[in-house]
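To start, the structure itself, in structure tokens.
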Amino acid sequence: ELYDSEEQKPEEQIRQKKMEPKRKKKKRTKKPLLDQKDRDPNRCIYFHKNKNRWCNQIKITTSEYCLHHASEKELEEHLEKKGKERIPCPLDPTHSIYKKNLNQHLKVCPKLLHINKKEEEYYESHLNTGGIIGFQNVNRIQELQKACDILKGEKKDITTTNENRKIHKKPQSMSPLAYIKSKYTVKEWKEKVNMLLLTYDTILKDAGLENGIEERILFVDEAKAHYKEENVALNKHLSQQASIIGQLKEHHCHSKECGYVEMGAGKAELSYMIYSTLNHHKQGSLPLPIDYLLIDRAAFKQKKDSQILYSHPQLSKKDKPMAHQSLLQRLRMDIRHLRMDGLKRYKHPKSNSVITSKHLCGVATDLTLSSLHHWEHPKMAKGMFIALCCHYLCTWEDYTNHAFLETYHIDSPEMFELIRVCTSWALIGDNNSTKHTPYLDFLSKEERVEFGWKCKRIFDLGRMMYLRSQGYHSYLVKYIDSNISPENVMLIAVPK
């Protein structure tokens, strides 16, 4: 009788099967060790002392040893003889190539893309680096730059940075408590906290925000079609995108007449949502009357670019390459090198470009604001809508509004670093919150979290005041509920 599963067999058969003795595995008999004379002459002569046996790999032509055990000189001779000699890439010495493939590699090397960008009008090395727009005294700038280098423990010139290295590095990760202990006594730390709390209240009053940042949650109905009940994480992202588009709509920046620039675009999910809500192909007219510029220094898989371009029902295969050139452009580059008016589509003073971003990290926000200063027509942007994030990645040398910080006595890299480090308290409190230490005893965990948020807002209010000084009507809003995303503040700027 056959049974579909073991559970259906009679209990006696199962019991008998379990009682059967297991078969013993046969022990492998070791082969006797051969003398070198009796071995295959084509095998490596290296002897493994730990394993007590000869190497069994085939030896190379220029040596009595294999590839693993031959000397460097013998290995180089072997590779050269085989035509497999490796040399450093002339364009980027950080990787090597086969010498015989040199001419072919020079045509396809990834570094070639970055070299070609330098010849483009939209590329200007370190154009937006150094957020020093607020200063008027050049000597003061140089002093602060030197102080910043000393603080970091390294001395480098930002204009002569090695291009083979990553240009903006992550600030050194150190817990707030560890940093505070290394820099201040308990008394000095308490004085700094009280000073920053008073500074925050003064900044709010001067900015006309005595009642705090306004909550303005706006959704567009067109985004509901993308929601999925079973995917909670996806819906959180969609809710944020829908609210960002709601802010665009309120300021008349959600239109087919606008061109959209997404900074730190990633997979271009925000631009795709803007495209979907505008519903371009509803009328079935060609060509699509809108363009997108996507900027990110990293490469991503599963991008939405193709869905933006090729979802038009009347686009033929011949039209698609033309659509790619006229409708969407993705630049893989650092924002610090971007000159917006170097792009043909943004040379016209009435380009109606709208700058958007969802969670633009730290220093990238400051670089974006600095890039506005270098536009040929300063008020080319019809609007700017940036959901802020990752303040712990901000840097003193790239922060946009140093003049604002100086006004409130935050005039040194040490003070800036203290605020930057403490921003991490906003989301995690402190990993050492259970430890009793004089540095934390006078602040409860809730107070540390609140202090972290205030440190974040000091940076954001400085950015807001900078945009106001550039002729924009700028303010901060809470665009989404904190349960969906704790980083729920957006920087909005529109021309007056």
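The values are calculated or read from the model by the stated rules, or taken from the named source; none is laboratory data. Since this is a predicted model, take the numbers as computed values, not measurements. In this analysis, Cβ positions are derived from the backbone assuming ideal geometry, glycine residues included, and neighbour counts consider all displayed protein chains. Areas reflect the complete protein model, heavy atoms only, side chains present, ligands, DNA and RNA absent. Shrake-Rupley method; radii C 1.70, N 1.55, O 1.52, S 1.80 Å.
Is there a residue being loosely packed, with under 10 Cβ neighbours inside 10 Å, modelled with pLDDT of 85 or more and either closer than 27 Å to K84 by Cα or among the acidic types (D, E) (or both) anywhere in region 1-21?
Checked against the condition, which is being loosely packed, with under 10 Cβ neighbours inside 10 Å, modelled with pLDDT of 85 or more and either closer than 27 Å to K84 by Cα or among the acidic types (D, E) (or both), region 1-21 yields no hits at all.
Given (1) modelled with pLDDT of 85 or more; (2) open to solvent by less than 60 Å² (accessible area, probe 1.4 Å); (3) in contact with a strand residue (DSSP E or B) (Cβ under 6 Å, 6 or more places away or on another chain); (4) of a type in the set (D, E, K, R), identify the lone condition not met by K304.
(3)
State which residue pairs qualify: first residue under 21 Å from L491 (Cα atoms) and inside region 397-416, second residue of a type in the set (D, E, K, R) and open to solvent by less than 30 Å² (accessible area, probe 1.4 Å) in any location, beta carbons under 7 Å apart, and separation of 6 or more residues or different chains.
D398/D366; Y399/D366; T400/D366; T400/R463; N401/R463
Out of the residues in region 387-408 meeting the condition of being part of a loop (DSSP other than H, G, I, E, B), open to solvent by 10 Å² or more (accessible area, probe 1.4 Å) and hydroxyl-bearing (S, T, Y), tell me which one is modelled with the highest pLDDT.
Y408
Just checking, which of K51, K118, K73 is exposed (fewer than 14 other Cβ atoms within 10 Å of the Cβ) and at pLDDT below 80?
From the options K51, K118, K73, the qualifying one is K118.
When you check L427 against the structure, is it touching a residue at least 40 places away in the same chain (Cβ under 8 Å), open to solvent by 50 Å² or more (accessible area, probe 1.4 Å) and assigned to a helix (DSSP H, G or I), yes or no?
It is true that L427 is touching a residue at least 40 places away in the same chain (Cβ under 8 Å), open to solvent by 50 Å² or more (accessible area, probe 1.4 Å) and assigned to a helix (DSSP H, G or I).
So if I check each of N101, N56, which one is of a type outside the set (K, R), open to solvent by less than 60 Å² (accessible area, probe 1.4 Å) and at pLDDT 85 or above?
Sole residue among the options that is of a type outside the set (K, R), open to solvent by less than 60 Å² (accessible area, probe 1.4 Å) and at pLDDT 85 or above: N101.
Collect the residues in region 457-473 that are part of a strand (DSSP E or B) and either free of Cβ contacts under 8 Å to residues at least 24 places away in the same chain or surrounded by fewer than 19 Cβ atoms within 10 Å (Cβ to Cβ) (or both), keeping them in residue-number order.
First, pick out the residues of region 457-473 that are part of a strand (DSSP E or B): 472-473.
Passing the criteria: only H473.
Collect the residues in region 428-456 that are among the hydrophobic types (A, V, I, L, M, F, W, C) and modelled with pLDDT under 85, keeping them in residue-number order. Break it down into steps so the answer makes sense when it comes.
The initial filter retains those residues of region 428-456 that are among the hydrophobic types (A, V, I, L, M, F, W, C), namely 428, 440, 442-443, 449, 451, 453, 455.
Listed by number, the residues that qualify are I428, L440.
Could you check how many residues of region 184-206 are surrounded by 16 or more Cβ atoms within 10 Å (Cβ to Cβ) and either within 28 Å of the chain's Cα centre (by Cα) or assigned to a loop (DSSP other than H, G, I, E, B) (or both)?
1
Filter region 215-243 down to residues that are in contact with a helix residue (DSSP H, G or I) (Cβ under 7 Å, 6 or more places away or on another chain), modelled with pLDDT under 85 and not in a loop (DSSP other than H, G, I, E, B) and give me whichever is nearest to N488 (Cα to Cα).
Ranking the qualifying residues of region 215-243, first place goes to A223.
Whether any residue in region 363-386 is at pLDDT 90 or above, of a type in the set (F, W, Y) and open to solvent by 10 Å² or more (accessible area, probe 1.4 Å) is what I want to check.
Among the residues of region 363-386, not one is at pLDDT 90 or above, of a type in the set (F, W, Y) and open to solvent by 10 Å² or more (accessible area, probe 1.4 Å), which makes the answer no.
I'd like the residue in region 474-487 that is in contact (Cβ under 8 Å) with a residue 60 or more places away in the chain and part of a loop (DSSP other than H, G, I, E, B) and, out of all such residues, is farthest from the chain's Cα centre (by Cα).
If we take residues in region 474-487 being in contact (Cβ under 8 Å) with a residue 60 or more places away in the chain and part of a loop (DSSP other than H, G, I, E, B), then D481 is farthest from the chain's Cα centre (by Cα).
Got a sec? Which of L67, L33 is aliphatic (A, V, I, L, M), free of Cβ contacts under 8 Å to residues at least 12 places away in the same chain and open to solvent by 90 Å² or more (accessible area, probe 1.4 Å)?
Of L67, L33, the one residue that is aliphatic (A, V, I, L, M), free of Cβ contacts under 8 Å to residues at least 12 places away in the same chain and open to solvent by 90 Å² or more (accessible area, probe 1.4 Å) is L67.
Have a look at K267, K256 and point out the one that is open to solvent by 10 Å² or more (accessible area, probe 1.4 Å) and over 17 Å from L294 (Cβ atoms). So that I can check it myself, show each step before the final result.
Values: K267 fails: over 17 Å from L294 (Cβ atoms).
Of the residues listed, the single one that is open to solvent by 10 Å² or more (accessible area, probe 1.4 Å) and over 17 Å from L294 (Cβ atoms) is K256.
Taking the condition open to solvent by 60 Å² or more (accessible area, probe 1.4 Å), farther than 29 Å from S424 by Cα and under 27 Å from the mean Cα position of the chain (by Cα), does Y272 pass?
Working: open to solvent by 60 Å² or more (accessible area, probe 1.4 Å): no; farther than 29 Å from S424 by Cα: yes; under 27 Å from the mean Cα position of the chain (by Cα): yes.
When the stated conditions are applied, Y272 does not pass them.
Tell me which residues, restricted to region 275-301, are open to solvent by 20 Å² or more (accessible area, probe 1.4 Å), closer than 22 Å to F385 by Cβ and modelled with pLDDT under 65.
Selection gives P289 alone.
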